[in-house]
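To keep things clear, I will list the structure first and then write my remarks on it.
The values are calculated or read from the model by the stated rules, or taken from the named source; none is laboratory data. These figures come from a predicted structure and were not determined experimentally. We place every Cβ from the backbone using ideal geometry, glycine too, and count neighbours over all the protein chains shown.
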Amino acid sequence: MPSTRFLLSLAVLATLTVGILADEPPLLPRYPELLLMVVVPERIAGAPGDDLATAETELIRHFLAAGYRVVDQAQSAAARDWAFADAVFDEPTGAEARSLAAKHGADLLLIGRASAEDGGSTHGVYTARGRVEVRLLVPQTGDILLSEGVTESGADTTRALAAHKALDEAANRLAPLLIEVVGQATGGPTQDLAATACPELGPPAEGEGLRRPVRVAVVPFEDRSGWRGADWNLREAVSELIAQELMKLGTVEVVDRTNLDDTVSEQALGLSGLVNRRDQPRELGTLTGADVLVVACPYCLAMFEDAVKTQGYEGKMEVKQLIELVRDAV
């Protein structure tokens with residue numbers, strides 16, 4: 001039979017063990033008490049980015065829309081430094097992450113690096129490739145909940161705007177995964193409520209099954225701006241930008257502009273010629289192979305709608321103004 005001294009020793013040992021376990025770091029706070037900090041410095045063409053902090057701002061927008069509390073950007077701006085991000089990436093258990101989180105009372109730290117490079121230009125449209133890399137950390141322990149990177153492209157009328165658009169797109173792709181991981185770790189929301197899709201050109205509704213991509217032709221616009229320059233072609237640039245954005249939906253097949261222009265050229269037709277019945281023009285469906293024609297002015301809208309009716313394409317082809325696409329996406 002164990003002695004009294006032996007039993008007392010076991011009791012003391014058990015008490016000490018419980019005390020040690022109680023001193024372990026607490027679990028992450030649960031939603032909605034959780035406070036998140038997002039820091040993503042940028043480099044554009046190798047130089048530090050401006051104050052827009054495109055990727056950081058976009059990620060914060062998504063977290064706020066999902067219902068999470070986020071440290072104000074004005075408070076975290078001082079930490080928006082590439083060397084600091086490198087240090088945290090290299091040593092997530094280091095003092096940098098802990099001290100930054102403690103200073104602002106953050107429970108989770110999303111540290112990242114965003115960079116964009118020039119992709120050249122065509123027809124007055126500049127392109128860029130942007131990459132956003134992030135790590136989601138528990139600063140008190142250095143535990144990494146997620147490490148991910150995404151590369152995206154962007155196009156716009158200036159190099160800077162194209163670079164920001166590429167970073168914006170990369171952040172948009174990362175946001176749903178980040179929100180899901182944070183939600184699973186803290187009992188918070190896991191759905192990205194900031195994600196939107198065009199209701200008519202977006203993915204099929206539940207129960208619809210797969211459907212073929214919608215073929216869209218962007219009709220060349222008329223440039224009435226009066227701006228001229230050796231490198232400036234607003235007529236081509238606007239059409240290219242719209243085509244780029246439509247392709248990003250993933251459910252839209254854009255009729256190649258070169259093929260469209262070549263077909264028009266082969267038929268020796270201008271825009272008005274496409275619906276000039278005296279010349280017996282080639283049918284619109286054969287000419288473009290499109291389900292939707294995108295135009296930019298009421299005159300073009302009326303002209304093409306008339307062609308759709310007279311050539312028997314009602315219900316098969318739709319003519320939309322650019323402003324309608326914008327309205328549907330808002």
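Residues checked against (1) of a type in the set (Lys, Arg); (2) more than 8 Å from the chain's Cα centre (by Cα):
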position: Gln140; (1), (2): no, yes
position: Gly149; (1), (2): no, yes
position: Ser153; (1), (2): no, yes
position: Thr157; (1), (2): no, yes
position: Glu169; (1), (2): no, no
position: Arg173; (1), (2): yes, no
position: Leu177; (1), (2): no, yes
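Please state which one of Val181, Val132 is at pLDDT 95 or above, in the same structural domain as His104 (by TED's automatic domain parsing) and surrounded by fewer than 18 Cβ atoms within 10 Å (Cβ to Cβ). Matching residue, one of Val181, Val132: Val181. Set side by side, the residues Leu59, Leu64, Leu110, Leu52 differ, and just one is assigned to a loop (DSSP other than H, G, I, E, B) and within 19 Å of the chain's Cα centre (by Cα), which is Leu52.
Of everything listed in (1) free of Cβ contacts under 8 Å to residues at least 60 places away in the same chain; (2) part of a loop (DSSP other than H, G, I, E, B), the single unmet condition for Pro32 is (1). Checking each residue of the range 296-304 against the condition of being crowded, with 17+ Cβ neighbours inside 10 Å, at pLDDT 70 or above and not in a helix (DSSP H, G or I) gives at least one match.
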